[in-house]
Amino acid sequence: MLLQMPFIVTASAIVSWAALSVVSRILMLRYGLDPWLFSFVQLCAGGIALLLMSGKEMVSIKSFQSPMTWLLGILRVLSAAIYTTVLTLVSVLEAGLLGAVSIPLIGIAIWIMSGKQPARWEWIGHLGILISIAILTINLSGDIRLPVFWLMVANAISLVALTILAERHPDNVSDVPKVRLRFTGSVLLITAVFFLIFRLFQNGLSIGSLDWTLLISGISVGVALRAPAMILAFWSIRIIGAHGYTTAIVFLPVVGMTFEQIAYKFELVEVSRFQSETLLLATGVIFSTFIVLFTRERAKREKIEISLPI
């Protein structure tokens with residue numbers, strides 16, 4: 001059972017993020033909700049819900065006092081802002097595949113920090129990912145090709161830094177679940193603060209209209225999807241590490257596109273952004289990712305076998 005837990009938690013995190021993205025898109029399109037305000041309400045509702053669930057730990061402001069927590073909030077907002085911008089130019093699947101550049105990047109980051117050079121077959125997997133990304137980038141329209149590529153590189157750097165920080169945050173490595181609930185709730189609320197600051201810079205002193213439709217939708221999605229997705233993501237990072245989680249989320253755009261196609265079939269969204277050519281490139285990225293994962297797992301097993309007494 002313990003061997004299955006990393007897979008269950010990580011798969012649940014991926015499904016939760018995909019469901020959050022699709023449900024949010026459906027609600028924003030159907031009711032014309034402001035994306036920034038909708039996200040702000042989600043973050044506040046999810047953060048408050050997790051702090052309430054943490055019980056007595058809610059009283060502690062330890063997580064809020066940590067510079068690492070605030071840095072996580074900044075990186076989360078930066079990543080979300082970049083990703084939202086990219087989604088105005090390309091599809092969910094295309095953005096997700098371009099985001100797979102985070103896999104080679106975190107491999108290099110871990111190599112620099114630990115001195116452990118990736119195995120030869122892992123490099124081959126990274127090369128396969130980069131080739132697929134290059135083909136996708138070349139096939140984008142000329143006026144958006146370079147902006148989209150460099151924005152997704154910046155997004156990948158933010159995500160790599162975020163996952164490495166989350167892996168090392170004292171509250172996230174805690175064995176006390178309520179401490180981790182408090183930590184995740186704190187990150188969500190800090191992210192909400194920076195969302196509000198960005199909004200004020202964008203609109204002056206006006207944050208926009210907070211009507212009942214936006215409030216009810218945001219609170220519902222924040223509690224039911226945003227909070228669980230964040231809890232599962234940080235839990236997964238704690239179990240399999242930043243390296244493993246960053247690699248696993250390459251499957252997120254495929255799951256998200258599957259949910260979006262289901263929503264399209266039931267007429268919850270009016271336009272399908274599915275493209276068979278992109279799916280073919282997704283297959284190449286996923287196959288290359290499997291090579292990276294398989295090589296890493298084999299290296300771990302060999303290391304364990306060597307360390308066992310004869």
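Readers should treat all values here as calculations from the given coordinates under stated rules, not as data from a laboratory. These figures come from a predicted structure and were not determined experimentally. All Cβ positions, even for glycine, are placed from backbone atoms using ideal geometry, and neighbour counts span all protein chains on display.
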Pop out the ³J(HN,Hα) list for region 19-32 in order, Karplus 6.51 cos²θ - 1.76 cosθ + 1.60 with θ = phi - 60°, rounded to Hz; leave Gly and Pro as x.
-> 5, 4, 4, 6, 4, 4, 5, 4, 5, 5, 6, 6, 10, x
Ordered by packing density, taken as the mean number of other Cβ atoms within 10 Å over each peptide's residues, highest first, how do 11-19, 229-237 rank?
-> 229-237, 11-19
Applied in sequence order to region 146-152, the curve 6.51 cos²θ - 1.76 cosθ + 1.60 (Karplus, θ = phi - 60°) yields integer Hz couplings, x standing for Gly and Pro, of 5, x, 5, 4, 6, 5, 6
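What size of dipole, in debye to the nearest 20, comes out for region 5-307 about its Cα centre when the only charges are +1 on Lys and Arg C-beta atoms and -1 on Asp and Glu C-beta atoms?
Details: 22 positive and 16 negative charges, 144 e Å.
The calculated dipole for region 5-307 is roughly 700 debye.
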Between Ile131 and Gln117, what length comes free when the chain is fully extended (0.36 nm per residue of separation minus the Cα-Cα distance, one decimal in nm)?
-> 3.0 nm
Say the dipole of the chain comes from +1 at the beta carbon of Lys and Arg and -1 at that of Asp and Glu; which of Gly55, Val77, Leu20 then lies farthest toward its positive end?
-> Gly55
How do the peptides 160-166, 32-38 rank, highest first, by the average count of neighbouring beta carbon atoms within 10 Å per residue?
-> 160-166, 32-38
Quote the charge dipole size of region 150-307 about the Cα centre in Debye, to the nearest 20; the model charges only the Cβ of Lys and Arg (+1) and of Asp and Glu (-1).
-> 480 debye
Can you list the residues of region 1-37 with backbone N under 17 Å from a point 7 Å past the Cα of Thr213, pointing along Cα to Cβ?
-> 23-37
Of the peptides 188-196, 171-179, how do they stack up when ordered by the mean number of other Cβ atoms within 10 Å, highest first?
-> 188-196, 171-179
If you plug each phi of region 261-272 into the Karplus form 6.51 cos²θ - 1.76 cosθ + 1.60 with θ = phi - 60°, what whole-Hz ³J(HN,Hα) values come out, in order, with x for Gly and Pro?
-> 5, 5, 4, 5, 4, 8, 6, 7, 10, 8, 10, 8
Lysine pairs in the chain with alpha-carbon atoms under 27 Å apart, 8 or more places apart or on different chains: how many are there?
-> 4
